[in-house]
Amino acid sequence: MICWDRCGESGQVGVFSRYEVEVLNGYVAGLLNLIERRGRSYDLVTTRSGQEVGVPTELLDDPRIMAVLKGELGRDEPDWVLAAGESQCLREVGSSLRRMASTLPASDAVVHLHSAEDVTAWLRSILCFVASIESSANEEGEINGKKVDSTVNWLVGLSCSLQSAAASSAAGW
């Protein structure tokens, strides 16, 4: 169980096990790798306003990336909406993942989130991990023969406890 406590005006401090930090680092690195690989397949197009945007040139065949997009842009959105928002969405998710990575400790298991933006990045990243894991599981809820329930429950509990601690801090408790 991760314990969060208030740290400053809008920050949080969490105490993890070293193993939990390693697991989170692995999730960040894995999902960031997927997003960056997808981003390398984009063509840059200049809009009328002169802004360069990435446009997917290949069909999206990775269920993990699709799950992230649907989680961010809407589960019921048609494919063309997901494609139109993909580049911007994945850029923002990548930014959240990099921000989360910057807060994960290198030598101990105490996490310091210094701002509301850090908390938001963590919450967004955790939801993306859950979506990615659930999209990879088979009908029995397994990946490579291992149940994902405990991992998903741990991530959801982590998100809920951080959200609750942040809400308590915002309320001035």
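The values are calculated or read from the model by the stated rules, or taken from the named source; none is laboratory data. Fair warning: this is a prediction, and the values are worked out from it, not measured in the lab. Cβ: placed from backbone, ideal geometry, glycine included. Neighbour counts: every protein chain shown. Just the protein is used for accessible areas: all its heavy atoms, side chains included, with ligands, DNA and RNA removed. Shrake-Rupley method; radii C 1.70, N 1.55, O 1.52, S 1.80 Å.
Remarks
- Sorting Tyr42, Tyr19 by solvent-accessible area of protein heavy atoms yields Tyr19, Tyr42, largest first, with a 1.4 Å probe.
- Here Asn153 and Val55 are evaluated by their C-beta separation; at R0 = 35 Å the FRET efficiency comes out at 0.40.
- Glu92-Arg6 FRET efficiency (beta carbon distance; Förster radius 22 Å; 0.05 resolution): 0.25
- Counting only heavy atoms of the protein chains and using a 1.4 Å probe, Cys160 has close to 70 Å² of accessible surface.
- Area of Arg18 that stays accessible when all protein chains are in place (1.4 Å probe, Å², to 10): 80
- Here is the size of the stretch 97-173 from its Cα atoms: Rg then Dmax, 14.5, 45 Å.
- Residue-normalised accessible area of the chain, given per residue in Å² at a 1.4 Å probe: 57
- When shorter helices are ignored and each DSSP H run of at least 4 residues is given -39500 (n - 2.57), the per-residue value for the chain at 222 nm works out to -20000 deg cm²/dmol.
- Karplus (6.51, -1.76, 1.60) ³J(HN,Hα), θ = phi - 60°, over the stretch 146-156, in Hz, Gly and Pro reported as x: 10, 5, 9, 3, 5, 5, 4, 4, 5, 5, 5
- Taking a ≥ b ≥ c as the square roots of the eigenvalues of the Cα gyration tensor, an a/c ratio of 1.5 or more together with a/b no larger than b/c marks the stretch 44-142 as oblate.
- Distance between the pseudo-spin-label points of Gln163 and Asp43 (7 Å out from Cα toward the beta carbon): 4.0 nm.
- Note on the chain: with a GNM built from Cα contacts shorter than 10 Å, the maximum mean-square fluctuation among Ile143, Ile65, Ile126 falls on Ile143.
- Once all protein chains are placed together, Leu44 keeps about 120 Å² accessible to a 1.4 angstrom probe.
- Each label was represented as a point 7 Å from its Cα along the Cα-to-Cβ direction; for Asn144 and Val15 these points are 3.2 nm apart.
- Scattering curve values for the stretch 37-95, log₁₀ I(q)/I(0), Debye with Cα scatterers, q = 0.12, 0.15, 0.29 Å⁻¹: -0.27, -0.42, -1.38
- Sequence-separation-based contact order of the stretch 1-92, relative, with Cα cut under 8 Å and 6+ spacing, percent: 18
- Over the chain, all Cα pairs binned in 10 Å intervals from 0 give whole-percent P(r) values of 9, 34, 33, 18, 5, 0, listed from short to long.
- Residues in the stretch 77-93 carry Karplus couplings, in order, of 5, x, 4, 5, 5, 4, 5, 5, x, 4, 4, 5, 4, 5, 5, 5, 5 Hz; the curve used is 6.51 cos²θ - 1.76 cosθ + 1.60 with θ = phi - 60°, and Gly or Pro positions show x.
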